[in-house]
């Protein structure tokens, strides 16, 4: 993605940040979410998104980040190293509440407040996120869909020491890449290209994680939204430390003080299969939890108050508007050309007229003969003999000539 920063320091610190998971993985989260949403919630989401569903807007964060690079901070929970790597005590960099967990709580609180519900939530000054950016109710929901997906990309809750896995190099499928890229896109690309039938099949359904879904719904009712968000974050960090930062077969630490050596660690086929299973499960868990949040918001009678439309104007919106304008110009051009052809052409097409005339000269007499005399060959034989006899004795008139009736 192209990034333009006012300060070189900001460029060095944040330029490599992107929103969690690639767009296709976000779409899979959205499809899983859609399979678990109530009918009323589906109705409301389509109303607010102009006919789109959760999967259609699941990758919207990529578009926002491409236009407002500073919003990347909303998508990460970067943990400090001062408390130790993957220790029991940890703290996250979250100045002005601009980090992943506080952003989820903020956007959830904002949309509930707009429904008329009383709730206290973290305040975020959007100008400190990205100057000039504003969000609508529909944007709040789109941010929640994106951010809950990010929460389940383990490197988005990683540590500052290794830049959320970007400084950790591994070998995967013959290429050296960062641990962040493995979890963000490499596993996704491998599944899509090598298992296209599976990827396009029905795996993105909540029934695949029905027990986890039932548990999360029960805990949501018991603990409420914010405690559930805290629990999800805790689980995400534990997953990151125990699964993503650790070789799945050898148990070798890939980052932190216990990491061995400086050479990239090989992620072979067996290790990939272990991570593949975990990665797919993270997608499904993200989807069912997103559905729980959306159902809670949109099943409420106050959802009817939520405004449609977006206040965030992205580069993707500009490109879409350009394409639509080009299509409209082409349509008008074709209409103008069609009108010009109809009005400027000759009133009589000579070629077509002569063709039709020739066809009429042949077919009309045949039609009249058949209409008057039928299809009996003997009738026509008699006519021919009568004509020949008449031509041989033209001076004798034997009676009136037969006419067609």
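The values are calculated or read from the model by the stated rules, or taken from the named source; none is laboratory data. All values derive from a computational prediction rather than experimental measurement. Cβ coordinates were reconstructed from backbone atoms using ideal geometry, including for glycine residues, and neighbour counts include every protein chain displayed.
Among the residues making up segment 227-245, a single one is in contact with a strand residue (DSSP E or B) (Cβ under 8 Å, 6 or more places away or on another chain) and more than 14 Å from residue 89 (Cα to Cα): 245.
Can you tell me which of 381, 321 is modelled with pLDDT under 75, surrounded by 10 or more Cβ atoms within 10 Å (Cβ to Cβ), within 30 Å of residue 69 (Cβ to Cβ) and not assigned by TED's automatic domain parsing to the domain that holds residue 65? Full working, then the answer.
Numbers: 381 fails: within 30 Å of residue 69 (Cβ to Cβ).
Just one listed residue meets the conditions, 321.
Checking the conditions here, which among 146, 97, 164 is free of Cβ contacts under 8 Å to residues at least 40 places away in the same chain, in contact with a helix residue (DSSP H, G or I) (Cβ under 7 Å, 6 or more places away or on another chain) and surrounded by 15 or more Cβ atoms within 10 Å (Cβ to Cβ)? Checking each option against the conditions leaves just 97.
State whether the residues of segment 12-22 include one that is touching a helix residue (DSSP H, G or I) at 6+ places or on another chain (Cβ under 8 Å) and at pLDDT 90 or above. Reasoning before the result, please.
Start the filter on segment 12-22 by keeping residues that are touching a helix residue (DSSP H, G or I) at 6+ places or on another chain (Cβ under 8 Å), which leaves 14-15, 17-22.
Of the ones still in play, those that are also at pLDDT 90 or above are none.
No, that holds for no residue.
On the basis of being surrounded by 10 or more Cβ atoms within 10 Å (Cβ to Cβ), part of a helix (DSSP H, G or I), modelled with pLDDT of 75 or more and not assigned by TED's automatic domain parsing to the domain that holds residue 114, does residue 389 make the cut? For residue 389, the condition - surrounded by 10 or more Cβ atoms within 10 Å (Cβ to Cβ), part of a helix (DSSP H, G or I), modelled with pLDDT of 75 or more and not assigned by TED's automatic domain parsing to the domain that holds residue 114 - is not met. A search for C-beta distances below 9 Å between a residue of segment 119-135 that is under 14 Å from residue 69 (Cα atoms) and any residue that is surrounded by fewer than 11 Cβ atoms within 10 Å (Cβ to Cβ), counting only pairs 6+ apart in sequence or on different chains, returns 126/132; 128/95; 133/127.
Of these, 186, 190, which one is outside any strand (DSSP E or B), free of Cβ contacts under 8 Å to residues at least 24 places away in the same chain and farther than 23 Å from residue 91 by Cα?
186
Just one of the listed residues (294, 278) is crowded, with 18+ Cβ neighbours inside 10 Å and either assigned to a helix (DSSP H, G or I) or assigned by TED's automatic domain parsing to the domain that holds residue 233 (or both), namely 294.
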